[in-house]
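Presented below is the structure to which this report refers.
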Amino acid sequence: MMNQNIFQDVKYIANEPLSGHTTFRIGGPAKFIFMPKNTDEIKAVIDYCKENNEKYMVLGNGSNVLFSDKGYDGVIIQIYNEINDIEVSGNTIYAKAGALLSKIAAAARDNSLSGMEFAAGIPGTLGGAIVMNAGAYGGEMKDIVTYVDVLETTGEVKRYTCQEMEFEYRHSIIDKDKIVLGAMISLEPGDKSVIISKMNELKEARVSKQPLEYPSAGSTFKRPEGYFAGKLIDDCGLRGYKVGGAMVSEKHCGFVINYDNATSEDVVTLMNNVSNMVYDKFGVRLEPEVKVIQ
């Protein structure tokens, strides 16, 4: 694929507001959003960026990022709509990076496979979930991943075992020099009705405890060791605390929500203020779980 033909060969949109591509519904325009269909097209976009000195970043469903109101002066490689195949074989599922976790969990359920119930309500893609070792309700990606296929910036595709991924709390070895292409997930045979019941139970817990009716990026802060971010924020009297259109959710203090057309500046200011107030009162520094892209 010739790089000068990248705009003919790979689907893209120019000057596209990122607010339409993130769950926070915030963010100015990206110079280009490319939507590659396969690994060769991803490589072609990266080559184009290198040759033209364009910065780039990979985006999945945009469920854990906050973009600046000024936008992103570079290229977004969106691995979501096109690269999302899911294949079930026995007790394993191989899914491509753009597949939604909820869809993979549904495939597991439909095939009476247990172990992915925790992921059914996480709003991101497999790629994003692997990058940050996403987890909920006692489960994490490291519990179910066998190996991950990764595109290195050298153009080489490398397979990393679960151990080689160095999964920790909200962390893996994936950085800007690595792009997740897909992963093998290993599950256990289970009783379909029990799996459905567990998923429904976790869904009800989410709906009752999380502010799903507002745009957000999920849990805003990482859990500090020995504490819960939401409780620390609540104990500082910050439930419902607002900066502009951003607010600490009254339903769950661990969530910062886009309450009323918030700007990224509103959210960042609120996050910094909350972090400082918690530190002043408890001596615990809250670190953002949301990736802030300036």
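The values are calculated or read from the model by the stated rules, or taken from the named source; none is laboratory data. Because the structure is a prediction, the values reported are computed rather than measured. All Cβ positions, glycine included, derive from the backbone under ideal geometry; neighbour counts span all protein chains shown. Each accessible area value is taken on the protein alone, full model and side chains, heavy atoms only, with ligands, DNA and RNA left out. Shrake-Rupley method; radii C 1.70, N 1.55, O 1.52, S 1.80 Å.
In region 155-170, how many residues are in a loop (DSSP other than H, G, I, E, B) and of a type outside the set (Ser, Thr, Tyr)? Talk me through it step by step, then tell me what you get.
The first filter runs over region 155-170 and keeps only residues in a loop (DSSP other than H, G, I, E, B), leaving 155-156, 162-167, 169-170.
Filter again for of a type outside the set (Ser, Thr, Tyr), leaving 155-156, 162-167, 170.
Here the count works out to 9.
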Take Gly27 and tell me if it is within 26 Å of Ser216 (Cβ to Cβ), in a helix (DSSP H, G or I) and under 18 Å from the mean Cα position of the chain (by Cα).
no
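Only residues that are among the β-branched types (Val, Ile, Thr) and under 14 Å from Val180 (Cα atoms): list them for region 89-144, please.
Here is the first cut: in region 89-144, the residues among the β-branched types (Val, Ile, Thr) are 92-93, 104, 122, 125, 130-131, 144.
Of everything in region 89-144, those that are among the β-branched types (Val, Ile, Thr) and under 14 Å from Val180 (Cα atoms) turn out to be Thr125, Ile130, Val131.
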Hey, Ile173 hits all of (1) in contact with a Phe, Trp or Tyr (Cβ under 8 Å, 6 or more places away or on another chain); (2) assigned to a loop (DSSP other than H, G, I, E, B); (3) farther than 25 Å from Lys43 by Cβ but one; which does it fall short on?
(3)
Which one of the conditions (1) open to solvent by less than 10 Å² (accessible area, probe 1.4 Å); (2) within 17 Å of Ile83 (Cα to Cα) does Leu18 fail to meet, given that it meets all the rest?
(2)
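Give the residue, chosen from Lys55, Lys103, Lys37, that is touching a residue at least 40 places away in the same chain (Cβ under 8 Å) and not polar (S, T, N, Q).
On the way: Lys55 fails: touching a residue at least 40 places away in the same chain (Cβ under 8 Å); Lys103 fails: touching a residue at least 40 places away in the same chain (Cβ under 8 Å).
Every option except Lys37 fails the conditions.
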Out of all the residues in region 191-209, is one or more at pLDDT 95 or above, outside any helix (DSSP H, G or I) and open to solvent by less than 50 Å² (accessible area, probe 1.4 Å)?
no
Number of positions in region 161-182 that are open to solvent by less than 20 Å² (accessible area, probe 1.4 Å) and free of Cβ contacts under 8 Å to residues at least 40 places away in the same chain:
1
